[in-house]
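Working notes, structure below.
The values are calculated or read from the model by the stated rules, or taken from the named source; none is laboratory data. All values reported here derive from a predicted model rather than from experimental measurement. Cβ placement follows ideal geometry from the backbone for every residue including glycine, while neighbour counts extend to all protein chains displayed.
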Amino acid sequence: MLHVTETLAIADWELTESFMRSSGPGGQNVNKVSTAVELRFEAERSPHLPAPVKARLKRLAGRKWTNEGALVIQVEDTRSQARNREIARERLVEMIRAALVAPKRRIATKPTLGSERRRLVAKTVRGTVKALRGRVEDEE
């Protein structure tokens, strides 16, 4: 059981962990030990997440979201498999917490009378500057 908040927890059947060899430096350790972790969370099938949270999570996940509706997090930060597992679970929890926060609705406001007047004055000034850029006529 992975606890996200006091009220929300993810069951173990929704999470799948697979381990593979990590890339990068590490000497012989890299060739011998499978320290990299791939954590799969079946978000689309999860009964614990409401639909709007799933939609926000999908947008937050981006390329980490699969066509089957799973969220895949890969971690190969450390040489320790246990630490990489912890990091992957922490990242999943952070992402779900971010998806739980509903964005504020934007309230449309009217521009103030002063700002509208300033804008119109600026437009007039700019227009006269551009009008003065025309061809110069000879006065004879």
Margin query: So Val121 ticks every box in (1) surrounded by fewer than 12 Cβ atoms within 10 Å (Cβ to Cβ); (2) in contact (Cβ under 8 Å) with a residue 24 or more places away in the chain but one. Which box is left unticked?
Written below: (2)
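A quick yes/no check of all residues on (1) in a helix (DSSP H, G or I); (2) modelled with pLDDT of 80 or more; (3) out of contact with any strand residue (DSSP E or B) (no Cβ under 7 Å at 6 or more places or on another chain); (4) not polar (S, T, N, Q):
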site: Thr5; (1), (2), (3), (4): no, no, yes, no
site: Ser18; (1), (2), (3), (4): no, no, no, no
site: Ala55; (1), (2), (3), (4): yes, yes, yes, yes
site: Val72; (1), (2), (3), (4): no, yes, no, yes
site: Met95; (1), (2), (3), (4): yes, yes, yes, yes
site: Pro103; (1), (2), (3), (4): no, yes, yes, yes
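Sort out which residues of region 81-140 are aliphatic (A, V, I, L, M) and farther than 24 Å from Glu44 by Cα, and write them in order of number.
Quick first cut of region 81-140, residues aliphatic (A, V, I, L, M) only: 82, 87-88, 92-93, 95-96, 98-102, 107-108, 113, 120-122, 125, 129, 131-132, 136.
Result: Ala82, Ile107, Ala108, Leu113, Leu120, Val121, Ala122, Val125, Val129, Ala131, Leu132, Val136.
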Next item on the list: Collect the residues in region 82-107 that are more than 22 Å from Pro52 (Cβ to Cβ) and either surrounded by fewer than 16 Cβ atoms within 10 Å (Cβ to Cβ) or small (Gly, Ala, Ser) (or both), keeping them in residue-number order.
Entry: Ala82, Arg83, Glu86, Ala88, Glu90
Checklist line | Lone qualifier among Gly127, Gly62 - being assigned to a helix (DSSP H, G or I), over 16 Å from Glu17 (Cα atoms) and over 33 Å from the mean Cα position of the chain (by Cα) | finding: Gly127
